[in-house]
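Report on the following structure.
Quick note: the coordinates plus some simple rules give every number you see, no bench work behind them. Not measured: the values here are computed from a predicted model. Counting neighbours? That spans all protein chains shown, and the Cβs are built from the backbone with ideal geometry, glycine included.
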Amino acid sequence: MTIKMGSAFLSIWLVAMVGAGAALASGNLTVSYKVIPSNSPVPGTKQVVTPCGWSTLGQKYLYYLNPTTKQTETFEFMFWNENGNLVTTLPINFKCTANSSLTGWYMQIGDGGPPCTQNSSCTLYTYYFSLASNGVIPNLTPIGTVSPSPLWTPGSTTVSTITSASNILVTPHYSGKFGPFFQKWIMLGATPSPGPILSVSPNANSYAVGVYGATATPLCHPKPGIKNCT
């Protein structure tokens, strides 16, 4: 059976379909995965652009087989930068209705080297992360004070952890050059600190990111069909 349409009716139908498609896809979601502190893409990943809609994204670990060393490199999830907002949920349930950016930030783990001892350079390494710039700001410290104070040189991004103290307490700069507000410490291999004081184990190597954003507190992040936030 052949169905014929008048040219006027066909034109109206095509306009309606194009309009419906535009309403459904009103923007794109750009997703990328990057490494702290280099700000480079996680090896083996590519930036992906998809039409807006509900997306469930995120893996705790990303793996890359280095073709030169023949070794598998492992990268551990730290946090998301969602349009300039800090999100620590994994996986993330994300919905966009306009052009949006989502960057998963990871750190490489298990890259070799002997464990530190009290006779070697056990260190806390810190990084200043700007949500607005979407990256680590080199040579800028997120550290405001350290207790015990002799473990840290003011202005440095590192803290010696060689001490007999039970814990090392690190207080951030609460207002930052690229922030302007401190939001949270994110420590490799640990649950994000609920408060602004970072507690670090002595005589061990540790890695922590001080995250700065445009708001004084982390934003609410709802899940699909759930009114409360995480």
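The residues Tyr207, Tyr128, Tyr174, when put in order of fewest to most other Cβ atoms within 10 Å, stand as Tyr174, Tyr207, Tyr128. A cut-off of 5 Å between modelled amide H atoms, ignoring neighbours fewer than 5 places along the same chain, links Gly27 with Cys52. Computed from label points 7 Å out along Cα-Cβ, the spacing between Leu169 and Ser199 is 1.0 nm. Remark on Ser206: its backbone amide H falls under 5 Å from those of Thr123, Leu124, Tyr125, a criterion applied only to residues 5 or more positions apart or on other chains, H modelled at 1.01 Å from N. In this structure, the amide hydrogen of Lys184, modeled 1.01 Å from its nitrogen in the peptide plane, lies closer than 5 angstrom to those of Val211, counting only residues at least 5 positions away or on a different chain.
Restricting to DSSP loop positions (anything but H, G, I, E, B) with no more than 16 other Cβ atoms inside 10 Å of their own Cβ, which trypsin sites (Lys or Arg not before Pro) remain in the stretch 27-80?
Of the trypsin sites (Lys or Arg not before Pro), the ones in loops of the stretch 27-80 whose Cβ has at most 16 other Cβ atoms within 10 Å are Lys46, Lys60, Lys70.
Placing dummy labels 7 Å off each Cα toward the beta-carbon, the span from Ala132 to Thr74 is 3.7 nm. Computed 3J(HN,Hα) for the stretch 66-79, one whole-Hz value per residue from the Karplus formula 6.51 cos²θ - 1.76 cosθ + 1.60 where θ = phi - 60°, is 5, x, 7, 8, 6, 10, 8, 9, 10, 10, 9, 5, 10, 5, glycine and proline marked x. In this simple spin-label approximation, Tyr61 and Ser26 carry label points 7 Å from Cα along the Cα→Cβ vector, and these lie 4.1 nm apart. Legend: calculated FRET efficiency, Val48 to Ile109, from the Cβ-Cβ distance at R0 = 22 Å, rounded to 0.05, equals 0.40.
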